[in-house]
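The values are calculated or read from the model by the stated rules, or taken from the named source; none is laboratory data. Predicted model, so just to flag it, every value in this text is computed and none were measured. Cβ: placed from backbone, ideal geometry, glycine included. Neighbour counts: every protein chain shown. Just so you know, the surface numbers come from the protein's heavy atoms only, side chains and all, with ligands and any DNA or RNA stripped out. Shrake-Rupley method; radii C 1.70, N 1.55, O 1.52, S 1.80 Å.
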Amino acid sequence: MDDEQQRPVRPGPEHGPLAGFTVGVTAARRADELGALLQRRGAAVLHAPALRIVPLADDGELLAATKEIIHRAPDVVVATTAIGFRGWIEAAEGWGLGGDLLGRLRGVELLARGPKVKGAIRAAGLTEEWSPSSESMAEVLDRLLEEGVDGRRIAVQLHGEPLPGFVESLRAGGAEVVGVPVYRWMPPEDIGPVDRLLDATVSRGLDALTFTSAPAAASLLSRAEERGLLPELLAALRHDVLPACVGPVTALPLQARGVDTVQPERFRLGPLVQLLCRELPARARSLPIAGHRVEIRGHAVLVDGELRLVPPAGMALLRALSRRPGWVVPRAELLRALPGAGRDEHAVETAMARLRTALGTPKLIQTVVKRGYRLALDPAAGTKYADAP
């Protein structure tokens with residue numbers, strides 16, 4: 001394992017801008033697609049679906065809502081997800097109500113949240129009246145409120161949980177809102193991967209954590225609370241692990257806990273990955289050391305643009321040294337930084353030797369006899385980088 005980690009790899013196109021970073025994926029749907037996009041750009045991916053989708057084909061609530069819409073036509077139907085809209089039509093067909101539902105939907109104002117929903121609508125032989133370019137429910141809400149909703153009957157296909165603020169705003173404007181609960185989010189059957197993802201986040205084993213739905217964010221927070229890890233999780237997401245959400249609705253459960261997130265301008269997986277490609281390298285520490293440019297990433301180091309994979313113990317030492325570049329860090333302090341270290345300072349010497357080998361440039365780290373180790377910060381950079389306490 002160490003031999004493989006010590007082999008230098010140039011971060012060319014085959015490795016990409018996320019080489020050396022580890023990204024967590026909480027998605028249940030399209031997780032493979034998101035993971036592949038991240039891996040193609042060089043990231044290591046840790047996937048743990050924070051929830052599972054349970055179709056409601058046999059659910060009395062969906063059947064009741066479908067019958068209500070057929071028997072009493074709404075003025076507007078808002079379709080929010082492609083999988084949900086398709087599931088609704090399929091469930092209605094299973095109940096023998098497919099033709100009646102499609103007939104009813106042909107006579108109402110049908111709004112689609114985005115292009116994928118639009119595709120599901122057209123696949124059912126229907127035509128949407130309007131769809132926002134932003135794929136934002138906020139834009140759908142603005143259009144409805146501008147048209148005026150007082151006295152209008154509006155059916156809304158739910159995401160699996162109430163859409164925060166959307167239904168309330170319509171009702172405040174005087175609309176009668178009929179919710180269409182097509183599927184529900186449930187905790188995953190196997191909670192083990194979620195616990196491992198939580199542990200990795202809390203221990204800063206991740207550089208970023210991605211969310212593609214509000215229920216996934218809420219589910220992860222809930223599991224952390226159950227395990228007594230919520231304060232540690234929030235601290236990690238506020239300071240060290242970058243929380244990246246596909247859009248503002250997805251971010252709401254995190255924002256409610258005081259966690260700021262980054263979001264792409266377009267609420268899609270591709271732009272989310274592009275955002276990480278900009279944000280993570282920008283957050284990496286870059287230092288001029290012993291005549292080399294050294295960039296410290298999550299589980300790897302770029303030395304003059306050459307990617308060097310470093311064992312976890314080595315990364316822990318390097319981070320401890322980089323907090324005070326150019327200053328001597330005592331062995332006792334470095335020992336405390338080592339994961340699972342005991343009291344033997346010899347562990348520091350062993351890990352340091354492996355770190356130097358992994359970096360391929362031993363002179364980056366200097367030994368200060370009887371004191372400890374220091375990064376050989378270039379003298380010209382001393383005043384800029386070496387003033388840390």
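Per-structure values
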quantity: Solvent-accessible surface (1.4 angstrom probe) belonging to ARG41, in square angstrom, nearest 10; calculated: 70 Å²
quantity: Which of VAL329, ALA112, ILE53, positive extreme of dipole for the chain (C-beta unit charges); calculated: VAL329
quantity: Dipole axis of segment 125-274 (+1 Lys, Arg; -1 Asp, Glu on Cβ), positive-most option in VAL246, GLY179, SER133; calculated: VAL246
quantity: Surface accessible to a 1.4 Å probe, CYS245 within the full protein complex, Å²; calculated: 0 Å²
quantity: Average accessible area per residue (Å²) across segment 96-218 - probe 1.4 Å, nucleic acids and ligands excluded; calculated: 41 Å²
quantity: Cα-based shape type of segment 279-351, given that a ≥ b ≥ c are square roots of the gyration tensor eigenvalues and the cut on a/c is 1.5; calculated: prolate
quantity: Taking the chain and dividing mean pair separation by its residue count, relative contact order in percent (alpha carbons under 8 Å, at least six apart); calculated: 17 percent
quantity: Whole-percent carbon and sulfur share, accessible surface of segment 112-254, 1.4 Å; calculated: 50 percent
quantity: Relative frequency of Cα-Cα separations exceeding 26 Å in the chain, percent; calculated: 60 percent
quantity: Residue-averaged 222 nm ellipticity for the chain, from DSSP H runs of 4+ at -39500 (n - 2.57), nearest 500; calculated: -12500 deg cm²/dmol
quantity: Spacing of the two label points (7 Å from each Cα toward its C-beta) at SER134 and ALA172, in nm; calculated: 1.7 nm
quantity: Spin-label pair ALA284/GLN255, simplified geometry with 7 Å Cα→Cβ offset, distance in nm; calculated: 3.1 nm
quantity: Shape of segment 196-345, Cα gyration tensor, a/c cut at 1.5; calculated: oblate
quantity: Segment ARG106-GLN39, length gained on full extension (0.36 nm per residue, minus Cα span); calculated: 19.8 nm
quantity: Euclidean distance between Cα centres, segment 250-281 to segment 78-151, Å; calculated: 27 Å
quantity: Nearby aspartates and glutamates by direct alpha-carbon distance to LYS363 (threshold 18 angstrom, same-chain neighbours under 8 apart not counted); calculated: GLU295, ASP304, GLU306, GLU349, ASP378
quantity: Unit charges on C-beta of K, R, D, E only; dipole of the chain, Debye; calculated: 1640 debye
quantity: Within the chain, percent of DSSP bridges classed antiparallel, to nearest 5; calculated: 50 percent
